[in-house]
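K.L.:
Shown below is the structure under consideration.
All of the numbers you see were taken from the coordinates with simple rules; none came from a lab. In this text the structure is predicted, and so the values were computed from the model without any measurement. Note that we place each Cβ from the backbone using ideal geometry, even for glycine, and neighbour counts take in every protein chain shown.
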Amino acid sequence: MPKPSYLDFDNSAYPWKADIDYRAHPELYCVGKGEQGVLICEPYKSEIGTHWRFRTPEIATESSKAISKLFEAYLKTGDFVGADMARKYLQMGYTRARRYANYKGGKKYDKEQDYKRLQRGTGETEKAEGAAIFYRSWKAAEANPVYAAMKKRWKNERG
């Protein structure tokens, strides 16, 4: 049975670094896949992360609205890195809320049993509502034509 990928994680090979100010050095930012780098890239982690919550549908609504506003503000100033990080937080709101909806306590693996995958369907249904809220905000951000153009240009120029 495969173990979680984070167990053998190679931090030195990870393209995102905690000691870089990505606003001062946006050229060092890598888009990556999914939510990669979201909990590392400063100052965005501190700016956006304080709003990221999904405990109840009401909290998820408030959180996704706040992060979406930051997303729009970053776009207005031409800050692609900030907009991409906000998009990643919206995506992470969806994926984490889904994990808590699917698994009790949000845990997919049992550390005590050699990281055996736990039974799905044991989580909180309330979290599924929060996931749906974040999903809509995430997809709206990805569909934003200004963001899409900035992302395409960024990936063409920087990979």
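K.L.:
Below 8 Å between Cα atoms, with a sequence gap of 6+, how large is the relative contact order for the stretch 8-115 in percent?
P.N.:
So the answer I get is 23 percent.
K.L.:
Please state the equivalent ellipsoid semi-axes for the stretch 20-158: what are the square roots of 5 times the Cα gyration tensor eigenvalues, largest first, in whole Å?
P.N.:
Largest first, the stretch 20-158 gives 29, 17, 13 Å.
K.L.:
Also, quick follow-up: How much length would be gained if the chain were fully extended between residue 148 and residue 11, taking 0.36 nm per residue of separation minus their Cα-Cα distance, in nm to one decimal?
P.N.:
Gain on stretching residue 148 to residue 11: 46.4 nm.
K.L.:
Here's another thing I want to ask about it. Apply the Debye scattering formula to the stretch 4-56, with a single equal point scatterer on each alpha-carbon and no solvent, then give log10 I(q)/I(0) at q = 0.24, 0.31 Å⁻¹.
P.N.:
Calculated log10 I(q)/I(0) at the listed q: -1.03, -1.28.
K.L.:
Go ahead and run the numbers for FRET between residue 62 and residue 136, Cβ-Cβ distance against an R0 of 22 Å, rounding to 0.05.
P.N.:
Result of the calculation: an efficiency of 0.95.
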